[in-house]
1. Distance from the Cα centre of segment 49-67 to that of segment 1-30, in angstrom?
2. Run lengths n ≥ 4 of DSSP H only: what is the helix-derived mean residue ellipticity at 222 nm for the chain, with -39500 (n - 2.57) per run over all residues, to the nearest 500?
3. Which whole-number percent is the relative contact order of the chain (Cα, under 8 Å, 6+ apart)?
4. GNM on the chain, C-alpha springs below 10 Å: top fluctuator among 13, 48, 40?
5. For a quick check: sort 27, 42 by the number of other beta carbons within 10 angstrom, fewest at the front.
6. For the Cα atoms of the chain, what angle does the longest principal axis make with the long axis of helix 55-68, in degrees from 0 to 90, nearest 10?
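Please treat every number below as a calculation from the coordinates, not as lab data. Computed from a predicted structure; not experimentally measured. Note that we place each Cβ from the backbone using ideal geometry, even for glycine, and neighbour counts take in every protein chain shown.
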């Protein structure tokens with residue numbers, strides 16, 4: 001299995017039903033040439049969500065925000081997408 005970069009940080013806010021802003025506090029970037037920024041837009045791999053121009057999209061964003069805002073998460077980075085989001089698998093860290 002290919003080893004991936006990973007990042008950890010605190011979720012600032014949900015952007016959509018499957019993406020959020022993450023303030024990074026730990027980075028393991030030895031596996032790729034990806035350049036990381038202090039605040040990254042994260043898209044959760046394998047999570048489908050309605051478009052934001054629909055009522056359901058707004059509800060999905062609000063539910064994700066309720067679940068993740070201010071939570072510490074671990075993200076295994078798959079790749080940086082053309083729209084500059086990081087595509088990741090995401091785990092909520094418990095204290």
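1. Cα centres, segment 49-67 to segment 1-30: 20 Å.
2. The helix contribution divided over the chain gives -5000 deg cm²/dmol.
3. Normalised by residue count, the contact order of the chain is 34 percent.
4. Maximum among the listed residues: 48.
5. 27, 42
6. 50
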